[in-house]
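So the structure is just underneath, and the comments pick up after that.
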Amino acid sequence: MTGGMGPSGVDVAVRGRVGDLTDAERELLLGRAPDDLSGVRTAVSDMIADVRARGDEALIEMGERFDGVRLEAVEVPRDAWRDAVERLDPQVRAALERAATNIRAFHEAQIPADVELEVEPGIRLGRRFVPLAAVGVYAPGGRAAYPSSVLMGVVPAVAAGVTEIVVCSPPGPDGRPSREVMAAAEIAGATRLFAVGGAGAVAAMAYGAGSIPRCAAVVGPGNKWVLEAKRQVAGEVVIDSPAGPSEVLVLADDTADPTRVAAELIAQAEHDPEAAVALVSTSTRLLSDAEGEVARQLPDAPRRDVVEEALRTRGGILLAESREEAIAFTDAYAAEHLAIYTEDPHADLAGVRTAGTAFLGDASAVAFGDYITGANHVLPTAGTSRSFSGLSTLHYLRSYTWQELSTEGAASLADDTRRLAEAEGLPGHGAAAALRSADHGGLAGGPNGGGDA
């Protein structure tokens, strides 16, 4: 097993057979954990405490320090959003509106139905789903604008019935988020928008600080500071997942188009020098042709330096001995984006339990899901899809159960409930159950009305 420069001139971190991976190579590919964040943890903890103590004043100082702009106020007035929509390129606006329509349709379909069931005669149970009162959506800023992240965070909240939907995004040189982000907030249906970024924004949404209301959930992608802040507030609020740099694993066979395979690797690698991109196949021809296509496409890639760094540090081109080995590796990799470009992608997907989202067939470019299909692009990374799911309406709902017993139903449970309560050393529980027993005349009896209590 070896990495480095291949015959095509493409430099990747790991190249070779899946079965020959060393422990270090396997950890590099499968671990994908961030580097030591001890310094980040301390700094983020301090920022959270500062925001909680000083509110808008702390947020304004952070904007000056990190974004180079002095804000008069952190909230962006609604007329600025509406103006941004009007000034937006009509074709971009139409694309955002199309994406919002698809996102809402798909996420409305995921809202669970309330449950009501009679488990025994006279014993009715139910579960009711209700929207959270307020949620916070983070949209990254800085070197690029991410209106798609606004849609992915806000539209499912609207679909879930959330009434207060707060968006935070870093300010640009004019003291406001980008025009595209402001327009997306209006199109998506957000209720408030703040020109606040980084860990300070997460803290303000989680705890309520200054002008920003307290939210029951904080979601959305971001840099390591945002990631760490979400980790630290997770005990107070719902978060989506501890997402990090983007990643894709392509599972392909001889039927895949190597040009498309290469394009998928480049597309995800261009996100970030720390992005993780890998290709696994049982076909040596496909691997060779796809790597050759990467070499051919790279010179024309606008973000070539970023792509090359990602391939060199987190890239993998891997040969599996069998379909079963390829699928097992895919499941272990637990990719944010899984592209299955095989003869029977549905059959191959059946063997995979861990992924943020999967794309079936090489017509299904990951970019479609990033922007416009309607599935969410806020997804678990770094193998956390073993535990977390992608953002959905479920993140914006909570549920509670209810229980209703008839007189007869209560009487039928009383003796067994008393026995279990006494076995646990809780006689008061047993007494409360015994009051409903048939010997007490159902609900009409009293604590001294007879029976074996």
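At-a-glance table
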{"quantity": "Rg/Rh for region 129-238, where both radii come from Cα atoms and Rh is the Kirkwood radius", "calculated": "0.93"}
{"quantity": "Listed peptides 181-189, 315-323 by packing density, highest first (mean Cβ within 10 Å)", "calculated": "181-189, 315-323"}
{"quantity": "Largest-first ordering by accessible area, 1.4 Å probe, given options Tyr207, Tyr396, Tyr371", "calculated": "Tyr371, Tyr207, Tyr396"}
{"quantity": "In Å², nearest 10: area of His271 left accessible to a 1.4 Å probe", "calculated": "90 Å²"}
{"quantity": "Mean Cβ count within 10 Å, highest first, over the residues of peptides 263-270, 355-362", "calculated": "263-270, 355-362"}
{"quantity": "Cα gyration tensor category, rounded, prolate or oblate, for region 343-433 with a/c compared to 1.5", "calculated": "prolate"}
{"quantity": "Degrees between helix 90-108 axis and first principal axis of the chain (Cα, 0 to 90, nearest 10)", "calculated": "40 degrees"}
{"quantity": "Given charges at Cβ of Lys, Arg, Asp, Glu: the chain dipole, positive-most of Gly351, Leu265, Ala243", "calculated": "Ala243"}
{"quantity": "Sequence of Ser412, Ser148 when ordered by accessible area, the most exposed leading, probe 1.4 angstrom", "calculated": "Ser412, Ser148"}
{"quantity": "Helix 258-269 vs. the chain, principal-axis angle (Cα, 0 to 90°, nearest 10)", "calculated": "70 degrees"}
{"quantity": "Alpha-carbon Rg with Dmax, taken over region 60-153, Å", "calculated": "21.0, 67"}
{"quantity": "Dipole of region 99-188, positive end: most advanced residue of Ala159, Pro171, Phe129 [Cβ charges, Cα centre]", "calculated": "Pro171"}
{"quantity": "Beta bridges by DSSP in the chain, antiparallel share as percent, to the nearest 5", "calculated": "35 percent"}
{"quantity": "Total charge dipole magnitude, the chain, about the Cα centre, Cβ charges on Lys, Arg, Asp, Glu only, Debye to nearest 20", "calculated": "960 debye"}
{"quantity": "Rounded, prolate or oblate (a/c below 1.5 giving rounded, otherwise prolate when a/b exceeds b/c) for region 335-375 by Cα gyration tensor", "calculated": "oblate"}
{"quantity": "Degrees separating the helix 284-297 axis from the principal Cα axis of the chain, which is the longest one", "calculated": "70 degrees"}
{"quantity": "Solvent-accessible area of Phe106 with every protein chain in place, 1.4 Å probe, in Å² to the nearest 10", "calculated": "100 Å²"}
{"quantity": "Positive minus negative residues near Ser246 (Lys, Arg vs Asp, Glu; Cβ under 14 Å)", "calculated": "-4"}
{"quantity": "Cβ-defined net charge surrounding Ala157, 14 Å radius [Lys, Arg +1; Asp, Glu -1]", "calculated": "0"}
{"quantity": "Cα principal axis extents for region 1-100, largest first, Å", "calculated": "59, 43, 24"}
{"quantity": "Three-way shape call for the chain based on the alpha-carbon gyration tensor, with the a/c threshold at 1.5", "calculated": "oblate"}
{"quantity": "Computed accessible area, Thr417, all protein chains, 1.4 angstrom probe, square angstrom", "calculated": "60 Å²"}
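The values are calculated or read from the model by the stated rules, or taken from the named source; none is laboratory data. Because the structure is a prediction, the values reported are computed rather than measured. A quick note on method: Cβ atoms are made from the backbone with ideal geometry, for glycine too, and the neighbour counts reach across all protein chains shown. Calculation scope for accessible area: heavy atoms of the full protein, side chains included, ligands and nucleic acids excluded. Shrake-Rupley method; radii C 1.70, N 1.55, O 1.52, S 1.80 Å.
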